[in-house]
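A short reminder: the numbers here are calculations on the coordinates, not readings from a lab. Remember, predicted model here, so these are calculated numbers, not experimental data. Cβ placement follows ideal geometry from the backbone for every residue including glycine, while neighbour counts extend to all protein chains displayed.
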Amino acid sequence: MPKAIVLGAGMVGSVMAADLAADDDFHVTIADVREENLKAAAARCRGKAATIAADLSDPEQVKRLVDPFDIVLGALSSRIGLSTLGAVIEAGRNYCDISFMPEDALDLDGAAKKASVTAVVDCGVAPGLSHMMAGYGAARLDSPERIEIYVGGLPRQRRWPFQYKAGFAPHDVIEEYTRPVRIVEGGQVVKRPALSEPELIDFPGLGHLEAFNTDGLRSLVFTLDVPFMKEKTLRYPGHIELMRVFREMGLFSHEPIEVGGVGGVSVKPIDVFSALVFPAWTYAEGEEDLTVMRVTVEGEQGGRRARYAWHLLDYYDRKSGATSMARTTAFPCVIVAKLIASGRYESPGVVPPERIGEQADLFEHVLSELEARGVNCTGPVESV
């Protein structure tokens, strides 16, 4: 029986563990530093997963922790994503991760190859499933020319003033509003500010959503030879302007400022913002969310114009009480982790998910497994 450990017992990690624990072929353990998270995750797993309290920000502790396991799944904050990846590679354990680290995970490709470790990174919904779709479409076109990814996680019910709640760690959401964006134009990688180039797009069943540039292309910038590529995040109209105002005020800054004049205190604006706003961005128990995504790949096939398109619209699961963002992020990671654990997918190195999408049988397996879990992607809608 393969032994799997999930690093991180938050919203996504707990769903990963529960999905794995539902499979009697796996022995599942969850690790987290917070006892309350472990308790909630164990309950979600219906007692079918063991728990370990551990400081996962310590790479040495991570290395010792994962040693007895056959497969490791990562659901940790982006701030410790790279150090965790390095620790798992040093331990010689195969890995599947969703952390969206700001660093380039491919920098550890050589170390993973040397250790004969298969480490699939960015394996959530976007990046993750979106990259698999991009890889699948690009591999089937004779000359792929354009990839566009639009994706967002939203509360099902809009509420003033933010019209938004965070389906994953709020600190990682702030990264979407501050991290410079890489897109590809005319075959060249260019940079844009976060929150730039807003546009309104109509989505059936939802109406108009606003989209803005985010740094979601990630590895696609380097792995696919496609002259035009972009990824945009979706929010309800009005959210972009509010976040731009907050950013211009300096509320996302990590540089300390003096408050209160002589004898005052030094504070980081981001800490004040977090203390005031993050509670309002946290989903209440039973509060419903949705995930929406559209991925298109265009180019030439057989001398004619061709287009592949996928659409995803997923909602909070009332039966399990799992948010849509947690489900759509956790399930691709679990499905791929199982492929690695079974030996069906083996590719030593740090592997971006588009490489899985390029293999039609693996990509179709991922979509089939998602459908079995109630996550349905329409497509590919092929047009020539």
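Inter-part distance, the range 61-135 to the range 337-371, computed on C-alpha centroids, equals 14 Å.
The listed peptides 175-187, 290-302, ordered by packing as a protection proxy, come out as 290-302, 175-187 (highest mean of other Cβ atoms within 10 Å first). Dipole magnitude for the range 131-315: computed about the Cα centre from +1 point charges on Lys and Arg Cβ and -1 point charges on Asp and Glu Cβ, it is near 280 debye. Highest mobility in the GNM of the chain, judged by mean-square fluctuation with C-alpha springs under 10 Å and restricted to 303, 238, 137, is found for 303.
When +1 charges are put on Lys and Arg Cβ atoms and -1 charges on Asp and Glu Cβ atoms, the dipole computed for the range 184-265 relative to its Cα centre reaches about 100 debye. Legend: residue pairs 63/114; 191/268; 48/165; 191/232; 3/48, Cα-Cα distance threshold 21 Å; pairs beyond threshold, 191/268; 48/165. Can you give me the C-alpha center-to-center distance between the range 184-200 and the range 19-34, rounded to a whole angstrom? Answer, in whole Å: 39. Mean sequence separation of contacting Cα pairs (under 8 Å, at least six apart), scaled by the length of the chain, corresponds to a relative contact order of 20 percent. What does the helix-only formula give at 222 nm for the chain: each DSSP H stretch with n ≥ 4 adding -39500 (n - 2.57), the total divided by the residues, and the result rounded to the nearest 500 deg cm²/dmol? Only helices count here, giving -9500 deg cm²/dmol.
Dipole magnitude for the chain: about 460 debye, using +1 per Lys or Arg Cβ and -1 per Asp or Glu Cβ, origin at the Cα centre.
A Gaussian network model of the chain, with springs between Cα atoms under 10 Å, assigns the largest mean-square fluctuation among 55, 122, 314 to 55.
Each of 5, 52, 174 was scored by other Cβ atoms within 10 Å of its Cβ. Arranged with the fewest first, they read 52, 174, 5.
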